[in-house]
Amino acid sequence: MKRLIASIGTIFMLATPAIAQTTYTCALKEAGTSKWIPAVLFVGHNPANDRVVISDDIVLTFNNRKPIEGQVVTENNKRVTFSWEVKIKDSRGQTARMQYRATWVKAAKRMNVVATPFGYANGFQGYGSCQVASR
């Protein structure tokens, strides 16, 4: 697990430009066993231009070992919600798209993550705590 965090962190830091941003380094727990909620999630957010960079083991697996761009859906005094999409391939070679939303609840200092396969009403959920840093 430490090696996974170190490698994701290194890739994440190399992929983000040296600009003022807030980073969220989150340890997540899935409410189930689907494995579509990452154990470790990195979110880099530059509020000046609303640039969002996402990295986790799912993104790196399905995006050529590179972080992915996301977007801010909501930002206010109570929360900030990020959204991104990952094109996936299952064990049978079928492709699909997974929509992710991660909401940082500021007062609770908790990240809630939902992964929903396109075309389906239900999804997968997870939650956890994050180390938040501004640089």
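Read the figures in this text as sums done on the coordinates, not as results from a lab. Quick caveat, the model's predicted, so the values are computed rather than measured. Positions of Cβ are generated from backbone atoms using ideal geometry, with glycine treated the same way; all protein chains shown enter the neighbour counts.
Worth pointing out:
- Test: residue in the range 106-121 that is under 10 Å from the mean Cα position of the chain (by Cα), closer than 18 Å to GLN21 by Cα and of a type in the set (Val, Ile, Thr): no
- Condition met for THR25 (surrounded by 12 or more Cβ atoms within 10 Å (Cβ to Cβ), under 17 Å from VAL132 (Cα atoms), among the polar types (S, T, N, Q) and out of contact with any Pro (no Cβ under 8 Å at 6 or more places or on another chain)): yes
- Checking each residue in the range 95-123 for being among the basic types (Lys, Arg), without any contact (Cβ under 8 Å) to a residue 24 or more places away in the chain and out of contact with any Lys or Arg (no Cβ under 8 Å at 6 or more places or on another chain) picks out LYS109, ARG110.
- Segments classed as strands (runs of 3 or more DSSP E), wholly inside the range 51-135, with at least 2 members that are within 18 Å of LYS35 (Cβ to Cβ) and among the small types (Gly, Ala, Ser): 95-105, 124-134
- Checking each residue in the range 96-119 for being of a type in the set (Lys, Arg) and more than 14 Å from GLY70 (Cα to Cα) picks out ARG97, LYS106, LYS109, ARG110.
- Looking only at residues in the range 81-106 that are touching a Pro at 6+ places or on another chain (Cβ under 9 Å) and among the hydrophobic types (A, V, I, L, M, F, W, C), the one that is surrounded by the fewest Cβ atoms within 10 Å (Cβ to Cβ) is ALA96.
- Subset of the range 18-42 [part of a strand (DSSP E or B) and in contact (Cβ under 8 Å) with a residue 60 or more places away in the chain]: THR22, THR23, TYR24, THR25, CYS26, ALA27, LEU28, LYS29, GLU30, LEU41
- Selection count where residues are of a type in the set (Ser, Thr, Tyr) and either more than 13 Å from the chain's Cα centre (by Cα) or over 23 Å from ARG79 (Cα atoms) (or both), scope the range 45-67: 1
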